[in-house]
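Enquirer: Following this message is one structure expressed as structure tokens.
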Amino acid sequence: MPTIVFVSPKGGAGKTTSALILATQIARKGAAVTVIDADPNHPIKAWSTGANTPNNLTVLSDADEENMIERIEEAAEKTPFVIVDLEGTAAKIVLLAVSQADLVIVPTQGSQLDAAQATRALKVVKQHEKMARRSVPYGVLLTRTSPIIRTRTMAHIAGSLTDAGINVFQTELNEREAYRAMFSFGEPLEHLDPREVSNLDKAIANAEAFTAEVIATLREGERPAVAEVA
Ligand SMILES: Nc1ncnc2c1ncn2[C@@H]1O[C@H](COP(=O)(O)OP(=O)(O)OP(=O)(O)O)[C@@H](O)[C@H]1O
Ligand SMILES: [Mg+2]
């Protein structure tokens, strides 16, 4: 039962946005998913009080340092996919969540500073790998990138991460109004009104490509439950 954990010590890197995009796309494809919203502001819980939350998407908001591992275990028994959204701090709770992860996703925006923060997040992954003596699949996800031009900074960041042997998702999450609108309207992407939200179709296509790459990455680890979202 794959557990996917979004990690970045940098506030505003795009963890919550990317986590909700992934969760809603997996639910839309028909697999049940639990989101553990471990941000004290509970943005995904708040989103789920809006209309059209899929029946197969559950949001839990009571996870803390004391119970994180149990919450993930319980959720993994109930739904084939578990997604954990963490607060932007490198606290113990991050290590606890990473200890249960089948895939760690490290969102990072296109500035050198954010890329340095992503490297910090990866240290948590490496630390856990040493502690547990198991490898933890991870990928850096470039977020809020321009759909039109590839900036030099972005190309440089992606290149230097790859050169350093760091896994970077091929799919980037573009900067899209639709991803903010999901939260403002409390709706999944597919229920937003294309007359009110520009480039909604492109945002959905980008969300689908990201989800497909996540599923393919999980499948490399040959986890049986992943087949359900074929
Ligand atoms: N791909 C995107 N397109 C447009 N806006 C985005 C995108 N990703 C994130 N944002 C916006 O950037 C801001 C920060 O994103 P988000 O809340 O997802 O980051 P976070 O890493 O969860 O932050 P925190 O550490 O505070 O929890 C939000 O206002 C969000 O709407
Ligand atoms: Mg967040």
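Enquirer: Can you find even one residue in the range 160-178 that is open to solvent by less than 60 Å² (accessible area, probe 1.4 Å), at pLDDT 90 or above, within 15 Å of the chain's Cα centre (by Cα) and away from ligand 1 (no atom under 12 Å from the Cβ)?
Expert: Within the range 160-178 (the criterion being open to solvent by less than 60 Å² (accessible area, probe 1.4 Å), at pLDDT 90 or above, within 15 Å of the chain's Cα centre (by Cα) and away from ligand 1 (no atom under 12 Å from the Cβ)), the answer is yes, since at least one residue qualifies.
Residue-wise test of (1) aliphatic (A, V, I, L, M); (2) closer than 29 Å to Ala158 by Cβ; (3) touching a Pro at 6+ places or on another chain (Cβ under 9 Å).
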site	(1), (2), (3)
Thr53	no, no, yes
Leu57	yes, no, yes
Ala76	yes, no, yes
Leu86	yes, yes, no
Ala97	yes, yes, no
Ser111	no, yes, no
Thr145	no, yes, no
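Enquirer: Sticking with this one: Please give the strands (runs of 3 or more DSSP E) falling wholly within the range 1-100 in which 2 or more residues are within 16 Å of ligand 2 (Cβ to nearest atom) and within 30 Å of Gln112 (Cβ to Cβ).
Expert: 3-6, 81-85
Enquirer: Quickly run through the range 187-196 and pick out the residues that are buried (at least 16 other Cβ atoms within 10 Å of the Cβ) and under 20 Å from the mean Cα position of the chain (by Cα).
Expert: Hits for the range 187-196 are Glu187, Pro188, Leu189.
Enquirer: Residues to consider are Val124, Val59, Val82; find the one that is under 21 Å from Thr16 (Cβ atoms), of a type in the set (A, V, I, L, M) and open to solvent by less than 10 Å² (accessible area, probe 1.4 Å).
Expert: Val82
Enquirer: State all residues of the range 101-121 that are among the β-branched types (Val, Ile, Thr) and not in a helix (DSSP H, G or I); if no residue qualifies, say none.
Expert: Across the range 101-121, the qualifying residues are Val104, Ile105, Val106, Thr108.
The values are calculated or read from the model by the stated rules, or taken from the named source; none is laboratory data. None of the values given here were measured: they were computed from a predicted structure. Counting neighbours? That spans all protein chains shown, and the Cβs are built from the backbone with ideal geometry, glycine included. Side chains included, ligands, DNA and RNA excluded: accessible areas come from the protein's heavy atoms. Shrake-Rupley method; radii C 1.70, N 1.55, O 1.52, S 1.80 Å.
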